[in-house]
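Take a look at the structure set out below.
The values are calculated or read from the model by the stated rules, or taken from the named source; none is laboratory data. What you see is a predicted model, and the numbers here were worked out from it, not measured in a lab. Backbone-built Cβ (ideal geometry, glycine too); neighbour counts: all protein chains shown.
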Amino acid sequence: MKKATFLICFLLTQISFSYGQLRYTNHHEVGLLTYATSIGQSGFSALTNHGVALNPKVSLLLGTGVEHYLYDRMEHKVWIVPITGGVRYLSKPEERSSFVVAGDLGYGLAFSKDDESSNEISSGGIKVNPMLGWRWKLGEKRSWLQAGVGYQFQSIKLKAADNKGGTINFDVIPGYIPNQTISGKTSVDMQRIVLRLGFGF
């Protein structure tokens, strides 16, 4: 998946050069990754995206940032650094406000582990994030504010450590002896409803 992410970034760069002189644009967003009804049980994200506007309606962006997730009934947590390629579409860019459609695809790097958990994070995984929102222009300049809601999918891979310092399989192993060291990995697919506020120019 990392190769696919780098390929997306490369293609976006090539498209940008093919259009010649393009206007630079940037989007900065903060938001909640809602896991349950309580805000205290939600994760959060802080993202920055930079790219080019192909025309007044369509922009291509590369993004990164930091995101914090709670998973497994709020018992465990993980920090993710996403690397994404994305597109933004404005329905009426000439108006003071406009409906916006956004989509990001990439790879999330898991760079810390939950010390309170027996599960060790071995790697990150794919990230998918479609969004719908509304954008408001600020004065006569290019700056704007935006609010949006969407869906976010982030996968990570775990391995489990036993009390002897080895690893155990998540699957049921017939005849398994606790003192053995057996390697095993499993995927955790985190799905969230995302609420975001952003600005840019």
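Observations on the structure shown:
- Being over 20 Å from Val52 (Cα atoms), of a type in the set (D, E, K, R) and at pLDDT below 95 is a property that holds for Lys185.
Per-residue answers, yes or no, for (1) surrounded by 14 or more Cβ atoms within 10 Å (Cβ to Cβ); (2) assigned to a helix (DSSP H, G or I); (3) at pLDDT 90 or above; (4) over 17 Å from the mean Cα position of the chain (by Cα):
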site	(1), (2), (3), (4)
Thr13	yes, yes, no, yes
Gly31	yes, no, yes, no
Thr37	no, no, no, yes
Leu47	yes, no, yes, no
Leu61	yes, no, yes, no
Arg73	no, no, no, yes
Arg88	yes, no, yes, no
